[in-house]
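The values are calculated or read from the model by the stated rules, or taken from the named source; none is laboratory data. Please read all numbers here as calculations on a predicted model, not as lab measurements. Glycine gets a Cβ as well: all are built from the backbone with ideal geometry, and neighbour counts include every protein chain shown.
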Amino acid sequence: APPEGVYAPVETSSGPKVPLRSKKWFNDLEDPGMTSIYLERYMNFGLTLPELQEEKRPVIGIAQTGSDLSPCNRHHIELAKRVRDGIIAAGGTPLEFPCHPIQETGKRPTASLDRNLSYLSLVEVLYGYPLDGVVLLTGCDKTTPAMLMAAATMNIPALCLNVGPMLNGYSTDGKRLMGSGSVAWDSRAQYVTGKITAQEFVHNMALSAPSVGHCNTMGTASTMNALAEALGMALPGSAAIPAAYRERGACAYQTGRRIVDMVRQDLKPSEILTKEAFENAIACNTAIGGSTNAPIHLCAIAKHMGVELSTADWERVGYELPVIVNVKPAGAWLCEEYYRAGGLPSVIAELLENGKLPHPNALTCTGKSVSDNCKGEFSLDRRVIMPFDKPLKSHGGFLNLHGNLFDSAIMKTSVISDKFRKQWLENPEDPMAFEGAVVVFDGPEDYTRRINKMTTIDARTILIMRGAGPQGYPGAAEVVNMLPPAELIKQGLELPCIGDGRQSGTCGTPAILNASPEAASGGMLGYLRDGDVVRVDLNKRTANVMLTDEQIAERKVQVGSYQENKMPKNQTPWQEIFRDSVSELSDGMVLKQATKYQRIAQT
Ligand code: FES
Ligand code: MG
């Protein structure tokens, strides 16, 4: 475990640097009428006047994302009590409020559709109520970026507290680690080839979720919380603590204490979420073997903070670095071992020692630099957090591809298996390129309906998933990682996948995904036909369909626009609003209108 001192708050005895905004509600001498109206209702459950009115007492929001509908974050209902204790101990007044629930695996049509809804509603709450700072209770995949995006737009002092990963899951004989999400991909392959029954499938899934907390693999949840910490927006060492450990409760208390001091010091997101911080986070994402959802979410947070960040930055900063965290899906262990090996501070210590953290002096929530926080916190278990010079994978970052198929799509090279390499890349002349005829699917339902009936798919087929981007399948579906037909799986074959949707962070498929522009907004994937030949050259970072510009122009005339009848209809008002206003995955899938509202607490 990281030493207590790593996340001990910096005490400040002095009062706030700037007048507290909550006092405009609770202690406005110029308008006693309104002040009394604001006060009376907050007193109706027992708060006293000094708790609301004292000039030096910050009012701190606790943005509660846990509920029965958000089981990954549900343990926050308990943790929030320790956050409150910390806030009160440091001389603040806590006000807890509920956030729109987001649950990754249970929300239809996608959980990512609701990231922007949760963002919008949190901005409105932070703006409209008497809050001087906020603790953001994060965890399940989209909850973390939604909270950080809102904190960026609002720009009041904010600090993340992760709910923490679940404990290890084990197979019934206790021999195999069962990691959340990753188990699903393995079990699905076993199920379609008849090796396990539907009942065993369910049983395996349950084994992988043995306690409260979020996914215990390095999926999107563990990734985004590690990156919140890497950005400087969560206490050092906090992200990896398992949900059920006592240290998690202690960390909640420390988070409550620290946010009060951050308000007193007026330490706002704009001072922490700089370009330097984002580059540090990109480096950390490679080192931990992080999720392909991270570029989308970090881009969104940056957009709301007014920081320029592109998918090209991801390759520039992150591609060459090694993966040193040996946790599923890229590696062998789960987050419990990762925590006991030291968590993110040990990863950062390793990067610092090798001169590979881009900006050691970036400011963090502790009021100190990332280097001050993490230097020398070396791994306590080199099997899990490995030495920089003996890494799990040497180039672990994302490639940023482009060509006539799309302007940007990313590929996580660290999960390319030896099997895939042999089958697709073994060509001495051109070792990192491959080519094949495509088979095209319009969304996940089309894929599921047809995949096992198709006779046109063989060992050299490239699978295309389109209509799965932010507009096509509202929120962008995690479906680009497609399994080949059962017959080919039995032969041990893997097929490359390309698509305008996303893939789960717990998944180990080397897909080319997040393609932007998506088919639904006029991208070339929408004009592909079965049998077209696509060539991918990873050295040149290109992906092209082998058609001339003239043939492409002709095709576009023949096809018209990507047909709306191939996409699911809007089922709710929010889906329509979202589709009308959302940007491409390479632009963070943000609401276009929202990005012009910046730092609104200061306006
Ligand atoms: Fe919620 Fe993985 S499904 S954290
Ligand atoms: Mg996911």
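Key figures for this structure:
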{"item": "Pair list, Cβ under 8 Å, 6 or more apart: the range 216-245 residue in a helix (DSSP H, G or I), other residue among the hydroxyl-bearing types (Ser, Thr, Tyr) and at pLDDT below 95", "result": "THR220/SER291; THR220/SER504; THR220/THR506; THR223/SER291; MET224/SER291"}
{"item": "Residues located in the range 29-81, provided they are of a type in the set (Ser, Thr, Tyr), surrounded by fewer than 22 Cβ atoms within 10 Å (Cβ to Cβ) and in contact with a helix residue (DSSP H, G or I) (Cβ under 8 Å, 6 or more places away or on another chain)", "result": "THR35, TYR38, TYR42, SER67"}
{"item": "Elements of type helices (runs of 4 or more DSSP H) contained in the range 304-421, each with 3 or more residues being small (Gly, Ala, Ser)", "result": "343-353"}
{"item": "Hits in the range 526-558 (condition: more than 19 Å from ILE512 (Cβ to Cβ) and either under 30 Å from the mean Cα position of the chain (by Cα) or of a type in the set (Lys, Arg) (or both))", "result": "ARG555, LYS556"}
{"item": "When residues of the range 588-597 are limited to those that are under 22 Å from the mean Cα position of the chain (by Cα) and in a loop (DSSP other than H, G, I, E, B), the one surrounded by the most Cβ atoms within 10 Å (Cβ to Cβ)", "result": "MET589"}
{"item": "Given (1) within 16 Å of ligand 2 (Cβ to nearest atom); (2) in contact (Cβ under 8 Å) with a residue 40 or more places away in the chain, number of the condition MET205 does not satisfy", "result": "(2)"}
{"item": "Single residue of the range 487-500 satisfying the filter (under 23 Å from GLY475 (Cβ atoms) and in contact with a helix residue (DSSP H, G or I) (Cβ under 8 Å, 6 or more places away or on another chain)) that is farthest from ligand 2 (Cβ to nearest atom)", "result": "ILE498"}
{"item": "Count of the range 89-111 residues which are within 12 Å of ligand 1 (Cβ to nearest atom), buried (at least 18 other Cβ atoms within 10 Å of the Cβ) and among the polar types (S, T, N, Q)", "result": "1"}
{"item": "Qualifying residue in the range 214-226 (condition: crowded, with 23+ Cβ neighbours inside 10 Å, more than 16 Å from ligand 2 (Cβ to nearest atom) and within 25 Å of ILE60 (Cα to Cα))", "result": "no"}
{"item": "Subset of the range 249-271 that is under 24 Å from the mean Cα position of the chain (by Cα), surrounded by fewer than 24 Cβ atoms within 10 Å (Cβ to Cβ) and of a type outside the set (S, T, N, Q) - its residue that is nearest to LYS17 (Cα to Cα)", "result": "LYS268"}
{"item": "Of all residues in the range 70-129 being away from ligand 2 (no atom under 16 Å from the Cβ) and in a strand (DSSP E or B), the one that is farthest from the chain's Cα centre (by Cα)", "result": "THR93"}
{"item": "Every residue from the range 91-119 that is of a type in the set (A, V, I, L, M, F, W, C) and either in contact with a strand residue (DSSP E or B) (Cβ under 7 Å, 6 or more places away or on another chain) or modelled with pLDDT under 95 (or both)", "result": "LEU95, PHE97, CYS99, ILE102"}
{"item": "Candidates MET233, MET149, MET154 - the one that is more than 13 Å from ligand 1 (Cβ to nearest atom), at pLDDT 95 or above, out of contact with any Phe, Trp or Tyr (no Cβ under 7 Å at 6 or more places or on another chain) and aliphatic (A, V, I, L, M)", "result": "MET233"}
{"item": "Elements of type strands (runs of 3 or more DSSP E) contained in the range 501-560, each with 2 or more residues being in contact with a strand residue (DSSP E or B) (Cβ under 7 Å, 6 or more places away or on another chain) and within 30 Å of ASP141 (Cα to Cα)", "result": "512-516, 542-545"}
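Results for (1) modelled with pLDDT of 90 or more; (2) surrounded by fewer than 22 Cβ atoms within 10 Å (Cβ to Cβ), shown as yes or no for each residue.
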{"site": "ASP446", "(1), (2)": "yes, yes"}
{"site": "ASP458", "(1), (2)": "yes, yes"}
{"site": "MET465", "(1), (2)": "yes, no"}
{"site": "PRO474", "(1), (2)": "yes, no"}
{"site": "VAL479", "(1), (2)": "yes, no"}
{"site": "GLY505", "(1), (2)": "no, no"}
{"site": "ALA515", "(1), (2)": "yes, no"}
{"site": "ALA520", "(1), (2)": "yes, no"}
